[in-house]
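Accompanying notes for the structure given below.
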Amino acid sequence: MRIVVVGLGKVGRALAAQLAAEGHDIVGIDQNAEIIDNIVNIYDVRGVAGNGGCYDVQKEAFEDGADLLIATTSSDEINILSCLVAKKIGTRHTIARIRNPEYEKQLRFMREELGLSMVINPEKATSREIARVLRFPSAIKREQFCRQRFELVEYRVGPDNPLVGMPLADLYRNIRVKILVCAVARGQETIIPSGSFELQAGDKIYLTASPSDLEAFFRKLHLFKERANNIMIVGAGRMTYYLVKELQDVQKRVTVIDNNLKRCQDMSEKFPGVLVIHGDGADSELLSEERITEMDAFVALTGMDESNIILAMYASQFNSCKVVAKINRPSFADLATANNLVDSVVSTASVTSEAITRYVRAMQNSIDSDNIKTLHRLVGGRVEALEFNVGPGLPFIGKPLKDVQLKDGLLIVGIVRRNGQTVIPSGDDALSEGDDVVVVTTDTTLHALRDIVK
């Protein structure tokens with residue numbers, strides 16, 4: 001497809017790289033000519049220097065409009081204007097990144113009246129990811145599929161873990177919970193494991209099961225942590241606003257610390273039940289005074305990756321505390337996770353690019369019934385977990401999976417039947433029309449369910 005990406009910051013750059021790798025014709029637009037030169041030299045994309053909201057600039061990208069325009073500048077207004085201009089010159093689909101909470105109430109109007117195909121709010125989407133982890137602190141990361149009937153969690157195997165040395169084929173026999181290890185990250189190696197694979201200390205594993213079975217699994221290993229109810233957040237920006245909205249619950253006690261007085265006042269006015277402290281979140285004495293040792297969770301959401309890493313490392317010394325840090329720079333995120341400096345890392349750029357990539361792939365298969373419904377990236381983007389609906393006419397419907405020749409590096413990890421039954425599939429199970437199916441694969445360009453076979 002012909003795709004225009006307006007704004008080549010962290011999100012725009014990640015999108016341009018991903019979509020170019022998938023074979024799309026990409027044109028990047030940015031007002032900074034140096035950024036354009038840099039991205040054109042690194043990736044297989046074209047570039048136009050200028051304001052993406054200008055008619056002439058967009059005409060230079062594609063004379064008669066593109067299939068899709070994605071506006072990801074730092075200005076909501078320029079993003080909206082870029083989409084309106086794109087529609088006028090014939091672009092079929094438009095996606096705008098809109099971050100201002102004041103626009104939250106009129107998103108339906110924007111989609112319907114302004115013709116936006118999709119609106120993505122990076123801070124809101126990332127806050128939902130953090131909230132999911134805080135509800136299941138045993139996991140590093142938690143993703144949901146099939147209307148929350150099926151889950152995938154990321155977990156690091158410690159040296160004293162009973163899973164160490166256990167062949168995956170013996171997992172059910174020893175623990176008696178239906179669960180599947182669908183991917184393993186060991187150092188720089190990524191493995192889609194077979195039944196003979198043995199786990200080692202330090203492995204980062206990806207588990208799939210129903211929510212109740214996941215909880216039962218961690219309880220049987222004596223590794224289950226109750227959901228976090230006493231939470232400290234450092235930083236009172238937009239993401240904290242959305243996170244506190246996600247966490248609003250009578251059982252939860254939330255403390256927010258920020259060194260900006262106006263942000264503290266705004267947060268206190270919007271959330272009277274939240275304890276808001278005006279102070280330096282990096283001050284260990286202040287953190288002690290606010291009882292960091294009694295917290296179930298600590299979330300570092302300042303505007304600086306370096307500060308978030310250091311704060312997370314400090315909070316990690318309190319064993320009962322679940323620690324989450326926002327780290328946008330990929331090199332810093334890789335460093336923090338590879339060396340176990342931070343328990344859970346979130347990135348607005350990766351969350352946003354996942355959502356938009358899912359939409360783009362679904363667009364390509366709009367005439368088919370086996371579109372991607374959900375997409376999540378694992379192991380630093382080297383593996384993808386995708387949810388499809390099983391439509392009519394697929395050649396492997398009704399066949400036992402042991403008789404279906406799946407592509408290498410691909411695993412069917414879960415099936416949710418029409419009646420809501422969750423199945424961790426064996427070789428004797430078969431797909432039926434109307435099922436939702438979750439696939440884990442090292443092929444990061446998979447578009448349709450029909451493409452899973454050789």
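Structure values in brief
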read-out: Relative contact order %, the chain, counting alpha carbon pairs below 8 Å whose residues are six or more apart; value: 11 percent
read-out: Global geometry of segment 58-122, whether rounded, prolate or oblate, following the gyration tensor of its Cα atoms and the 1.5 cut on a/c; value: prolate
read-out: Descending Cα extents along the principal axes, segment 357-426, whole Å; value: 30, 30, 26
read-out: For D203, distant residues with modelled amide H under 5 Å away; value: V157
read-out: Whole-Hz ³J(HN,Hα) from phi, Karplus 6.51 cos²θ - 1.76 cosθ + 1.60, for segment 441-448, glycine and proline x; value: 8, 8, 7, 8, 10, 5, 10, 9
read-out: Stretch gain in nm, segment K88-D266, where the contour uses 0.36 nm per residue and the Cα spacing is subtracted; value: 60.2 nm
read-out: Under 9 Å, Cβ to Cβ, from L401 - net charge with Lys/Arg +1 and Asp/Glu -1; value: -1
read-out: For segment 243-311: relative contact order, % (alpha-carbon pairs under 8 angstrom, 6 or more apart); value: 23 percent
read-out: Listed pairs K225/K270; K124/K270; K402/K454; K141/K270; K245/K326; K124/K245 exceeding 21 Å between Cα atoms; value: K225/K270; K141/K270
read-out: 27 Å Cα-Cα reach of K88 towards lysines, excluding residues that sit fewer than 8 places from it in its own chain; value: K59, K105
read-out: Whether segment 247-313 is rounded, prolate or oblate, judged on the alpha carbon gyration tensor where a/c under 1.5 counts as rounded; value: oblate
read-out: Full-stretch length increase - V404, Q248 - with 0.36 nm per residue and alpha-carbon distance subtracted; value: 51.5 nm
read-out: Contour minus Cα-Cα distance for L221 and E34 (0.36 nm per residue); value: 62.0 nm
read-out: Accessible area in square angstrom per residue, the chain, 1.4 angstrom probe; value: 44 Å²
read-out: Solvent-accessible area, 1.4 Å probe, carbon plus sulfur percent, for the chain; value: 46 percent
read-out: Accessible heavy-atom area order of I310, I140, I78, highest first, probe of 1.4 Å; value: I310, I78, I140
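The values are calculated or read from the model by the stated rules, or taken from the named source; none is laboratory data. Note that the coordinates shown come from a computational prediction; the quantities given were computed from them, not determined experimentally. We place every Cβ from the backbone using ideal geometry, glycine too, and count neighbours over all the protein chains shown. SASA here: full protein model, heavy atoms, side chains in, ligands and nucleic acids out. Shrake-Rupley method; radii C 1.70, N 1.55, O 1.52, S 1.80 Å.
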